[in-house]
Structure formats: C-alpha cells, structure tokens
Amino acid sequence: MQLFPLFKGIATYIPFLYDATRGQTGGSVTARYCYSVWLRHLRTMSAVCGLVPMRRAAELGPGDSIGIGLAAMLTGVDHLESLDVVRYAVAARNRSIFRELVGLFRRREPIPGDSEFPDLQPRLTDYDFPHDLLPDARLEELLDEERISSIEAALDERPSSRSIDYHVPWDARDLPHGARLDVLYSQAVLEHVENLQSTHNALANFMRPGGIAIHAIDFRSHCITPGWDGHLQYSPALWRLVKGRRPYLLNRKSPGEHLDALARAGFEVLAQIRTKAEPTVAPAALAIAFRDWTEADRETAAMTVVARFKAVHA
Ligand SMILES: C[S@@+](CC[C@H](N)C(=O)[O-])C[C@H]1O[C@@H](n2cnc3c(N)ncnc32)[C@H](O)[C@@H]1O
C-alpha cells in the first residue's frame, strides 16, 4: 500500500499548508469542457428517453464554474439551481465562459471529443454537433439576443425572466418549494458525496414525476494512487487519514451501491453505461470492506446513469 496518500492527508492538518477554498477542481474551468459535458449529457439522455422537456434543471457539484448549467440554459433551460459544498465558481469566470459558450453554439461547433478530453464521460459514438436535437430554427430562438441578455441578467443577479441560483454549501431547504425539476445532472460528483442516500432523497423531493436524472460517476482514484483502483486498498480508518481535513474526497461506494441508492430514492434506472478497466489491485490486497464487490463493479472505472423519477421515496 502506498504511504504517500497518507502523508498528504495528514499534511492537510498543518495550518498554512492547506486551504480547501483555494485551488480549482479542474474541469468546468473552460467553456469547451462545459460545452462538451452538457452536449454529451443531452445526447445520452435523448438516446435513452427521447426528447426531454427541460425548463427547470439542477446541477449537483458544478465546480469551478456553473458553465455546464449555462450550456444547459442555452439549449432550453430557463431556471437553474447549482448546488455545491465549496464556493469554486466565481462571477467573472461564469461570465466569460458564458460568452464563449454562446460562440460555440452559434458556430455549431462539434462536441469536443476523446482526443481533447480523453477521460470525459459519457463517451459518444458521434461527436458532430447534434443538429437533430437542436435544429437551426430552435437554436435561433434559443440564442436570440433577448434570451441571451436575460440569462446574462440572471447571472448578474439583475431582474430577469430566467433564474440562476448558486447555493454553497447547499441544503435541501435552499431549493424552492415545489421546484419540480425536469432534469437533474452531475459530472464527476457522486463519487465524492459523503451521504449518498440522503443526498438522492433530498434531490428526489424536488423532481417532477417523470423528470430525468443523469449522473456521470468516476470510480478511479483521482490520481491519489498510481493504480486507478489503488484507493480501495485503504481500510476505512486509514482512509479517514488520507482524506484529512479535505471537505470531500472519495466515498468509495461501488457502482451497485450507487444504483441502489438511486432506486431507493424513487428513481427507475433506465440505462447504465460503464467504462471498464482491468483492476490493478489483487483481491487479497483490497481492504475487507471492498472484497464483496461483484466482478463487474470491480472492472467499472466510470459509469453514466440515466434514471427517471417515479415517486417520492418512502
Ligand atoms: C471533481 S469536482 C467536479 C466539478 C464539475 N462537475 C466538473 O465536471 O468539473 C467535484 C465537485 O463536487 C462537489 N461536491 C462534493 N460533494 C458534494 C455534495 N455533497 N454536494 C454537492 N456537491 C458536492 C465539489 O465541491 C466539487 O465542486
């Protein structure tokens, strides 16, 4: 077992060495990433459940900017809730990403693919601009100057017919009563969420029946260890040291546990798209807590789940 992750975790307790609010999460810091993520989600959702009406959306864990949500707004969302636990997104970055996104949509740029973002999920077979989902006439309406200005006004917290709420740290009480979300999505977030079941339960309360959730979950060690699954070697006690004072790290839930949590919260899983990788940790070197994972779960490096909300959980 590598000791470096333990030293790194312990170092987070040393004042001045670590500040959770400094730094970036690395993804939604560029417009092209946000554009790629949202169009991949849109393409994947439509392949599974056809055209999804999308006026109200929420994103869990937007990270460095709310740009993925801004891309969603440029494809039809009018009300966006962005829910995070650390305030990474800053207004100036949101604004410049928004302006770049408008250009990307106006030019109907192809979806940035695997050569530009080799680890990004969900993968697509075709990275052309989705003209079938966003035909010219519809895109003209969506990119109309009045609509763009209203989204900019919402970004600047000026009066607008569109709305954007960024809640940090979010709480279920932040979501407006009867929010009735059409779409809930996350990118590389659910593997970090400590209390997975209560998070899904809280979000489920705001879904409209029939609303769609799409979550891309990354099961790799996020470079904490050299092997992609090396984080599964640490016992829960040692993992607490690896995590240190960081507000979140990896919850190390199996793909199966993620699917169960969604189902218990009232979501019907419609599709699970898995990316496989050969495990690097021998079964005997796994912490006991992870030895009962199924073979399929052990080989899953990433998974995108599409689910339909059926009913409020029990
Ligand atoms: C790896 S970053 C991904 C950020 C962004 N989605 C992207 O694709 O670039 C993980 C994000 O999840 C957020 N996060 C962690 N736990 C969370 C929770 N319980 N609720 C909401 N967001 C959470 C983090 O603050 C961070 O913004």
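Things to note:
- Every residue from region 182-235 that is touching a strand residue (DSSP E or B) at 6+ places or on another chain (Cβ under 9 Å), under 13 Å from residue 309 (Cα atoms) and part of a helix (DSSP H, G or I): 200, 203, 204
- Flag if residue 110 is in a helix (DSSP H, G or I) and surrounded by 13 or more Cβ atoms within 10 Å (Cβ to Cβ): no
- Within region 78-125, the set of residues being touching a strand residue (DSSP E or B) at 6+ places or on another chain (Cβ under 9 Å) and of a type in the set (A, V, I, L, M, F, W, C) comprises 80, 83, 89, 120.
- Check on residue 56, under 18 Å from the mean Cα position of the chain (by Cα), among the basic types (Lys, Arg) and either within 30 Å of residue 209 (Cα to Cα) or crowded, with 20+ Cβ neighbours inside 10 Å (or both): yes
- So residue 104, is it within 21 Å of residue 165 (Cβ to Cβ), touching a residue at least 40 places away in the same chain (Cβ under 8 Å) and touching a Phe, Trp or Tyr at 6+ places or on another chain (Cβ under 7 Å): no
- Residue within region 174-183 that is out of contact with any Cys (no Cβ under 7 Å at 6 or more places or on another chain), of a type outside the set (A, V, I, L, M, F, W, C) and within 16 Å of the ligand (Cβ to nearest atom) present: yes
- Candidates 259, 241, 250, filtered to the one that is in a helix (DSSP H, G or I), of a type in the set (A, V, I, L, M, F, W, C), in contact with a helix residue (DSSP H, G or I) (Cβ under 9 Å, 6 or more places away or on another chain) and surrounded by 16 or more Cβ atoms within 10 Å (Cβ to Cβ): 241
All of the numbers you see were taken from the coordinates with simple rules; none came from a lab. Keep in mind that what you see is a predicted model, and the values were worked out from it rather than measured. With ideal geometry, Cβ positions are generated from the backbone for all residues, glycine too; neighbour counts draw on all protein chains shown.
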